[in-house]
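Peer 1: A single structure is presented below for examination.
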Amino acid sequence: MNASDKHWSNIYTNTPMNRLGWYEESPKVILEQIGKLDLKDGANIFIPGVGLSSIAKTLTDNGFTVETTDISSSAVDEFRRMYPELANNIYQHNITEPLNKVDYFDLWIDRAVLHFLLSDQAIQSYLENMNRALKIGGYIVLAQFAISGAEKCAGLPVKRYSPESLSDLLSAKYLSAKYLPVHTSEFTFFNPAGEAKPYTLGIFQRVS
């Protein structure tokens, strides 16, 4: 077990699900925006760092094909226990390492994973993996801590984003493919302790 797996597995093993600071029974804002996208029945969706979120089950129940990952072996085991019908749809993976899919996904959903990547190299690896895995015409949903949000999450420092800085990540500065913004906004999520967590949401479409 590497250090990242150990850190996150310790949290998932020792903290009840509804006490996790990022836990949201149903990510309503994200699901609302996904509902507005032009996705066909059975579209392939990828969710890195899914944790124990119910979003994968919700999207599967809505007719989509969902593949998920998490860096924590404990989270993967618990996810399989909670959602046995999706046991084969999750595997342990560090999102900065290459994925085994190319030009495959119609939608990439990242709720609070990217903001843990601090180095330019890790961010570039993430973006290259995403770009390689996403079809032309596919969408990216990024929901990360806002500039006014907390400087740490789960005891780790995070990189906070504005709508402008999220858009900048999907520019020619980082990627050869072209992405167009579909929607950017900020919203506030209240965690199980009632604490306000400001997020920035960006949705982009790959057009080349």
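Peer 1: Could you list, in sequence order, all residues of region 53-82 that are surrounded by fewer than 19 Cβ atoms within 10 Å (Cβ to Cβ), at negative phi and of a type outside the set (D, E)?
Peer 2: Hits for region 53-82 are S54, K57, T58, T60, N62, T65, S73, R80, R81, M82.
Peer 1: Any residue in region 105-118 that is crowded, with 16+ Cβ neighbours inside 10 Å, of a type in the set (F, W, Y) and either free of Cβ contacts under 8 Å to residues at least 40 places away in the same chain or closer than 24 Å to I147 by Cβ (or both)?
Peer 2: yes
Yes/no matrix, rows are residues, columns are (1) assigned to a loop (DSSP other than H, G, I, E, B); (2) under 21 Å from G202 (Cβ atoms); (3) among the basic types (K, R):
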{"site": "I30", "(1), (2), (3)": "no, yes, no"}
{"site": "L39", "(1), (2), (3)": "yes, yes, no"}
{"site": "V50", "(1), (2), (3)": "yes, yes, no"}
{"site": "S53", "(1), (2), (3)": "yes, yes, no"}
{"site": "K57", "(1), (2), (3)": "no, no, yes"}
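Peer 1: Among the residues of region 120-153, which ones are hydroxyl-bearing (S, T, Y) and in contact with a Pro (Cβ under 6 Å, 6 or more places away or on another chain)?
Peer 2: S148
Peer 1: Also, I was wondering about something else. Check K40, K36, K28 and return the single one that is surrounded by fewer than 20 Cβ atoms within 10 Å (Cβ to Cβ) and within 15 Å of the chain's Cα centre (by Cα).
Peer 2: Criteria check complete, one pass: K28.
Peer 1: Test Y23 against the stated conditions and say whether it is more than 16 Å from I140 (Cα to Cα), under 16 Å from the mean Cα position of the chain (by Cα) and modelled with pLDDT under 95.
Peer 2: yes
Peer 1: Test G194 against the stated conditions and say whether it is of a type in the set (G, A, S) and surrounded by fewer than 17 Cβ atoms within 10 Å (Cβ to Cβ).
Peer 2: Against the criterion (of a type in the set (G, A, S) and surrounded by fewer than 17 Cβ atoms within 10 Å (Cβ to Cβ)), G194 qualifies.
Peer 1: Here is a further query. Give region 68-90 a look and list any residue that's part of a strand (DSSP E or B) and touching a residue at least 24 places away in the same chain (Cβ under 8 Å), or say none.
Peer 2: T69, D70, I90
Peer 1: Residues that are in a loop (DSSP other than H, G, I, E, B), within 21 Å of R206 (Cβ to Cβ), among the β-branched types (V, I, T) and at pLDDT 95 or above: does region 104-122 have at least one?
Peer 2: yes
Peer 1: Checking the condition surrounded by 21 or more Cβ atoms within 10 Å (Cβ to Cβ) and of a type in the set (A, V, I, L, M), which residue from L175, L142, L180, L156 passes?
Peer 2: L142
Peer 1: Between Y126, Y139, Y174, Y199, which is within 18 Å of the chain's Cα centre (by Cα) and outside any strand (DSSP E or B)?
Peer 2: None of the other options fit; the residue is Y126.
Peer 1: So, one more: How many residues does region 142-171 contain that are in a strand (DSSP E or B) and basic (K, R)?
Peer 2: The number of residues fulfilling the criteria is 1.
Peer 1: Looking only at region 124-156, how many residues end up being farther than 19 Å from P48 by Cα and either of a type in the set (F, W, Y) or out of contact with any strand residue (DSSP E or B) (no Cβ under 8 Å at 6 or more places or on another chain) (or both)?
Peer 2: 2
Peer 1: Out of all the residues in region 7-24, which are out of contact with any helix residue (DSSP H, G or I) (no Cβ under 8 Å at 6 or more places or on another chain) and assigned to a loop (DSSP other than H, G, I, E, B)?
Peer 2: T15, P16, G21, W22, E24 - these are the residues of region 7-24 that are out of contact with any helix residue (DSSP H, G or I) (no Cβ under 8 Å at 6 or more places or on another chain) and assigned to a loop (DSSP other than H, G, I, E, B).
Peer 1: Here's another thing I want to ask about it. Filter region 75-109 down to the residues that are over 17 Å from the mean Cα position of the chain (by Cα) and charged (D, E, K, R) and list them by number.
Peer 2: Selection gives D77, E78, R80, R81, E85, D103.
The values are calculated or read from the model by the stated rules, or taken from the named source; none is laboratory data. Here the structure is a predicted model, which means the values were calculated and not measured. All Cβ positions, even for glycine, are placed from backbone atoms using ideal geometry, and neighbour counts span all protein chains on display.
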